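Contents: one structure, followed by commentary.
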Amino acid sequence: MIKINLVPQEILARAQQKQRAVQFGVAGAAVALIIVLVSLGFVARLHRLEKKLAADKAELKRLEAIVAKVKEMETMAAQLRARLQVIDDLDRGRRAYPYMMNDFVRSVPAGVRVKTLVTNGGGGSPFKLNMSAEARSNEDIRSWMRKMDESGRFSGVELGTVNAQESALEVLRSFSLTATHTPQL
């Protein structure tokens, strides 16, 4: 069978052109619809993220208040620890002083008379002792220094100047002595 097209070519071209215009319009509308839907998705996502940001900011403020309270409590705890350390040092020093005096008295030989004793330190640190004394002989001074060294609790024993004073009965030697005592608690 033979087909003969009786419609003029111009009409067919216009119809085909209209059909293509409709197809492009539908395709353009579909693309525009897709762009609008994607844009709406981004807008919705932006809106959700803004809400989440607002909620996160509120949570951050709440947590910052908690952090401030924690820091305040840590500061108070550090102050309390410092106070307790001072009390502990004082308590330890109170216990250390009798031990130091006991060690000191044991070290003084019979021929030595202590005139003054000044102590510094204690608590958690060694005692620094400065003393002045009188002795009947140089041997008594040497004996005292040797006892202090041998005790293991005195260190840095240093003898100051020795002055001999004659009296009617005997010759007394005045001297100064410094040492460091480390208590054994």
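We did not get these values from a lab; they are worked out from the coordinates using the rules stated. What you are looking at is a predicted structure, and each value in this text was computed from that prediction instead of being measured. Virtual Cβ from ideal backbone geometry, glycine too; neighbours counted across all protein chains shown.
Quick notes on this structure:
- Between the Cα long axis of helix 138-151 and the first principal axis of the chain there is an angle of about 30°, rounded to the nearest 10.
- Calculated [θ] (222 nm, deg cm²/dmol) that DSSP helices of n ≥ 4 give over the chain, each run adding -39,500 (n - 2.57): -23000 deg cm²/dmol
- Only lysines eight or more places from Lys147 in sequence, or on another chain, were considered; those with a Cα closer than 28 Å are Lys115, Lys128.
- Options Leu80, Met145, Ala65, ranked by Cα towards positive dipole end of the chain, top entry (Cβ charges): Ala65
- Eligible lysines near Lys71 by straight Cα distance, threshold 22 Å, same-chain separation 8 or greater: Lys57, Lys61
- Extending 7 Å from Cα along the Cβ direction at Leu117 and again at Leu6 yields two label points whose distance is 14.4 nm.
- Here the range 70-185 is treated with +1 on each Lys and Arg Cβ and -1 on each Asp and Glu Cβ, and its dipole about the Cα centre works out to around 180 debye.
- Remark: His47, His181 ranked as His47, His181, counting other beta-carbon atoms within 10 Å and listing the fewest first.
- Degrees between helix 9-107 axis and first principal axis of the chain (Cα, 0 to 90, nearest 10): 10
- Between the labelled values (i) 1.11; (ii) 1.93; (iii) 1.07, the entry that holds Rg/Rh (Cα atoms, Kirkwood Rh) as derived from this structure is (ii).
- Longest exposed-site-free window of the chain, the sites being trypsin sites (Lys or Arg not before Pro) in a DSSP loop that have at most 16 other C-beta atoms within 10 Å: 4-135
- Its relative contact order, with pairs defined as Cα atoms under 8 Å and 6+ residues apart, puts the chain at 16 percent.
- Gap separating the Cα centres of the range 95-150 and the range 35-82, nearest whole Å: 66
- Average Cα contact separation per residue, the range 75-145, under 8 Å, 6 or more apart, as relative contact order %: 30
- If the segment from Leu53 to Ile34 were pulled out straight at 0.36 nm per residue, it would be longer than the present Cα-Cα gap by 4.0 nm.
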